[in-house]
Amino acid sequence: MIEFNYVVQILLLTLAVTIASTAVSAAGGLPLGYLIAKSSKKAVRPVRSIMTAMTGIPPVVAGLCIYFLLTRNGPFGSFRLLYSPTAMVLAQIIIVLPIIAAISYPAIMKVNSEISETCAGLRLSPQKTFRLLLSESRSACVGAVMSGFGRAISEVGAVMIVGGNIAWKTRVMTTALLTETGRGNYATAMLLGGLLLVVAISVNLAAGKLRGDS
């Protein structure tokens, strides 16, 4: 028998954690992509290498990093954030931020030269120049953020490690799918899978409108 309150709570927690981690990652990743695009090739080469390497970081490694930082004997153990939604958000940020930066950088780089010269001639502030560059590369930047969102909402390993998959507290849709399938609760698992698919499709449709797709 499907417990609808249980499913709704999992859905809401999933959206809250994913939106929070994606928003923070976009707030850091897009400016990082901008700074890389504005920097000289020699200065930016090691940063690009690190960023590219980080896009392929195994989720369990990201989860372990946050786990060791937040565990009782870790440097931030006094905050007691382990096995909480906050810990899950932090783990997802490590995974998502490099992805957003890596995808947005080439798009910003493509329009950087012409736009920057115009902005310099108009004596626009760096903040206005950044906003204009984002506007001109909007399609790619929206795609970068949506790629980050998709990566976050489908994450299993990292959130399992730092969240603990605790029912009514840190269980999200991906970990719930594994749990309910393992228990033989296939109706609940299929409902969660269907909801996850609906969310993914809805987000992609919304992203298409933001990009100006027909």
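The values are calculated or read from the model by the stated rules, or taken from the named source; none is laboratory data. Computed from a prediction, not measured in an experiment: that's the story for all the values here. Here the Cβ positions follow ideal geometry from the backbone for every residue, glycine too, while neighbour counts run over all protein chains shown.
One table, with the values for the structure above:
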{"read-out": "Selection count where residues are under 16 Å from the mean Cα position of the chain (by Cα), farther than 15 Å from residue 55 by Cα and not β-branched (Val, Ile, Thr), scope the range 65-116", "value": "4"}
{"read-out": "Some residue of the range 105-127 being of a type outside the set (Phe, Trp, Tyr), crowded, with 17+ Cβ neighbours inside 10 Å and under 20 Å from residue 16 (Cα atoms)", "value": "no"}
{"read-out": "Output for the range 2-35, where each listed residue is touching a Ser or Thr at 6+ places or on another chain (Cβ under 8 Å), surrounded by fewer than 16 Cβ atoms within 10 Å (Cβ to Cβ) and assigned to a helix (DSSP H, G or I)", "value": "none"}
{"read-out": "Any chance residue 59 is surrounded by 14 or more Cβ atoms within 10 Å (Cβ to Cβ), closer than 30 Å to residue 191 by Cβ and not basic (Lys, Arg)", "value": "yes"}
{"read-out": "Extreme residue, nearest to residue 155 (Cα to Cα), among residues of the range 36-56 that are crowded, with 16+ Cβ neighbours inside 10 Å and of a type in the set (A, V, I, L, M)", "value": "54"}
{"read-out": "Any hit, the range 83-96, residues being at pLDDT 85 or above, surrounded by 13 or more Cβ atoms within 10 Å (Cβ to Cβ), at positive phi and not in a helix (DSSP H, G or I)", "value": "yes"}
{"read-out": "Test: residue in the range 138-149 that is surrounded by fewer than 15 Cβ atoms within 10 Å (Cβ to Cβ) and under 17 Å from residue 85 (Cβ atoms)", "value": "no"}
{"read-out": "Verdict on residue 162 being in contact (Cβ under 8 Å) with a residue 24 or more places away in the chain and crowded, with 20+ Cβ neighbours inside 10 Å", "value": "yes"}
{"read-out": "Hits in the range 165-198 (condition: of a type outside the set (D, E, K, R), within 21 Å of the chain's Cα centre (by Cα) and crowded, with 18+ Cβ neighbours inside 10 Å)", "value": "165, 170, 172, 173, 174, 175, 176, 177, 192, 196"}
{"read-out": "Leading residue by the ranking (farthest from residue 203 (Cα to Cα)) among those in the range 128-137 that are buried (at least 17 other Cβ atoms within 10 Å of the Cβ) and without any contact (Cβ under 8 Å) to a residue 24 or more places away in the chain", "value": "129"}
